[in-house]
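Trainee: Please read through the structure below; I'll follow up with questions.
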Amino acid sequence: MSDNVGLSTPRGSGTSGYVQRNLAHLKPRDRAAPYSTKDLDHLKHRQRQPDKEILEHDRKREVEVKVFELRDQLEDEGVDEDEIDKRCDVLRKELQAKMNKGGRDAAPRKQLKAHQVHELADAKIKESERLRNALKISKDYEEGSHWKRQEERLRKAAERESSTQKEEQ
């Protein structure tokens, strides 16, 4: 063997002596910290904001699905084409008015699928808002602010104490 790589002789090893490199070996990265300890703002949780246009498109699509179902049902019943168009237009206007009013169906909340990320984000924001209102948490609340206020009070008390000691001397 050359360059002291592998076995000195393949005899008795049960191998051919062919040397391969280890493809599973991961090279160590640079030794720097994976995150900056100075700037921790980016580590705070930021809620994903839903895309309003996609939500609007899905609501319009729901309306059109219901209109299409009505059209399909009326065509199966053999209703005249003009009558079908009139009924579909009436239903479409009614559903759009209900959608614009903001009153979604009073049915219980439907389970959202994992691929409906914008609907999930919207539902999560509404849920967080309800919880925040129930617990009477202000909108400008910052996580950990209680400890900051407590540290400020302790610092002010220490400053007052040091100033009174200076005055006594």
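Trainee: Under the Karplus relation 6.51 cos²θ - 1.76 cosθ + 1.60, θ = phi - 60°, what is the ordered set of whole-Hz ³J(HN,Hα) values for segment 160-166, x standing for Gly and Pro?
Mentor: My calculation for segment 160-166 gives 4, 5, 5, 5, 5, 5, 5 Hz in order.
Trainee: Which of rounded, prolate, oblate describes segment 94-169, given a ≥ b ≥ c as roots of the alpha-carbon gyration tensor eigenvalues and a/c under 1.5 marking rounded, otherwise prolate only if a/b is larger than b/c? Let's see the in-between values first.
Mentor: On the way: a/c = 5.92, a/b = 3.95, b/c = 1.50.
Prolate shape, in that a/c is at least 1.5 and a/b is the bigger ratio.
Trainee: Can you list which of the GluC sites (Glu not before Pro) found in segment 52-161 are DSSP loop residues with at most 16 other C-beta atoms within 10 Å?
Mentor: Glu142, Glu143
Values quoted throughout were computed directly from the atomic coordinates according to the rules given, and no laboratory measurement underlies them. If you're wondering where the values come from, they're calculated on a predicted model, not measured in any experiment. Note that we place each Cβ from the backbone using ideal geometry, even for glycine, and neighbour counts take in every protein chain shown.
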